[in-house]
Amino acid sequence: MRAVVFDMDGVLFDTEILCMKGWMAIAKENGLGDMEHVFPRCIGLNANDSKKVVLEAYGEDFEYARFRQQTADWFRKYIDENGLPIKPGVEETLDWLKSAGYAVGLASSTRAETVHSHLDRAGFWKYFSTVITGNMVEHSKPQPDIYLLACERLGADPRKTYAIEDSPNGIRAAYRAGMIPLMVPDMIPPDEEMRKLSAEIFTDMTEVLAYLKRGL
């Protein structure tokens, strides 16, 4: 079976930069310093693991739940006013994978409510045979659990399944799951580790589509 599993934020939707802006705005409102260094460490993590990073930075008494609610409200307001930004080439790639008979899954560290909302807004549900979210596993990326669960639900062999990711934590997770990691960097440029762990690195989804077509 030919199969592909996508990350969501930074791959399908140009939302990681919006998350960063939201976190920075709420941090400024609350007088929190150093958020420009804290946020990048949370990219690709689920809520449980992000919480550990934030509490490590701001102390165990930090009101994490309140902070995340404020950032979620900021993000929702922005999307309501400006729409959900879809990455170039994504719809064409998803259409082609469907027509070519690929099994397609989604493995996102983001919580289910947000993932489902984004897929609803974009009309993307029709493309995915399985959708795995951050709250479905105890530890998300860089641990492989979320990708292994996606492959299991798809009935796909991880060794023959592509994982399309933008973040280092996502690439690490896909690599540890024994998959074929394809990196399309978003906010964090690839370093030597990413070049070693990734099967290929692309500038955008259009290049990914061309690569997959050549593999037929």
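Kindly indicate which of THR15, THR71 is polar (S, T, N, Q) and free of Cβ contacts under 8 Å to residues at least 60 places away in the same chain.
Details: THR15 fails: free of Cβ contacts under 8 Å to residues at least 60 places away in the same chain.
None of the other options fit; the residue is THR71.
Whenever a residue of segment 202-216 is more than 22 Å from ILE188 (Cα to Cα), its partners that are of a type in the set (Val, Ile, Thr), lying with C-beta atoms within less than 8 angstrom and at least six residues away or across chains, give the pairs LEU212/VAL4; LEU212/THR93. Residues of segment 130-154 that are touching a strand residue (DSSP E or B) at 6+ places or on another chain (Cβ under 8 Å) and either hydrophobic (A, V, I, L, M, F, W, C) or open to solvent by less than 60 Å² (accessible area, probe 1.4 Å) (or both): THR130, VAL131, ILE132, ILE146, TYR147, LEU149, ALA150, CYS151, LEU154.
Every residue in segment 99-125 that is within 25 Å of MET136 (Cα to Cα) and open to solvent by 80 Å² or more (accessible area, probe 1.4 Å), please. Passing the criteria: ARG111, GLU113, ASP120, ARG121, TRP125.
Note on segment 189-210: residues that are open to solvent by less than 50 Å² (accessible area, probe 1.4 Å) and not small (Gly, Ala, Ser) amount to 7. Close Cβ contacts (under 9 Å, 6 or more residues apart or on different chains) running from residues in segment 142-169 that are of a type in the set (Phe, Trp, Tyr) to residues that are part of a helix (DSSP H, G or I) and open to solvent by 20 Å² or more (accessible area, probe 1.4 Å) comprise TYR147/PRO158; TYR147/ARG176.
Here segment 74-92 is the region considered, the condition is being open to solvent by 90 Å² or more (accessible area, probe 1.4 Å) and free of Cβ contacts under 8 Å to residues at least 24 places away in the same chain, and the residue that is farthest from the chain's Cα centre (by Cα) is GLU81. One residue alone among ALA107, ALA72 is in contact with a strand residue (DSSP E or B) (Cβ under 9 Å, 6 or more places away or on another chain) and either at pLDDT 95 or above or hydrophobic (A, V, I, L, M, F, W, C) (or both), and that residue is ALA107.
For segment 25-35, state whether one or more residues are surrounded by 12 or more Cβ atoms within 10 Å (Cβ to Cβ), within 25 Å of ALA112 (Cα to Cα), without any contact (Cβ under 8 Å) to a residue 60 or more places away in the chain and not hydrophobic (A, V, I, L, M, F, W, C). No: zero hits. For segment 12-23, the tally of residues that are surrounded by fewer than 16 Cβ atoms within 10 Å (Cβ to Cβ) and either over 24 Å from LEU119 (Cα atoms) or not hydrophobic (A, V, I, L, M, F, W, C) (or both) stands at 1.
The values are calculated or read from the model by the stated rules, or taken from the named source; none is laboratory data. Predicted, not measured: the structure shown is a model, and the values here were computed from it. Cβ: placed from backbone, ideal geometry, glycine included. Neighbour counts: every protein chain shown. Heavy atoms of the whole protein, side chains included, go into the accessibility calculation; ligands, DNA and RNA do not. Shrake-Rupley method; radii C 1.70, N 1.55, O 1.52, S 1.80 Å.
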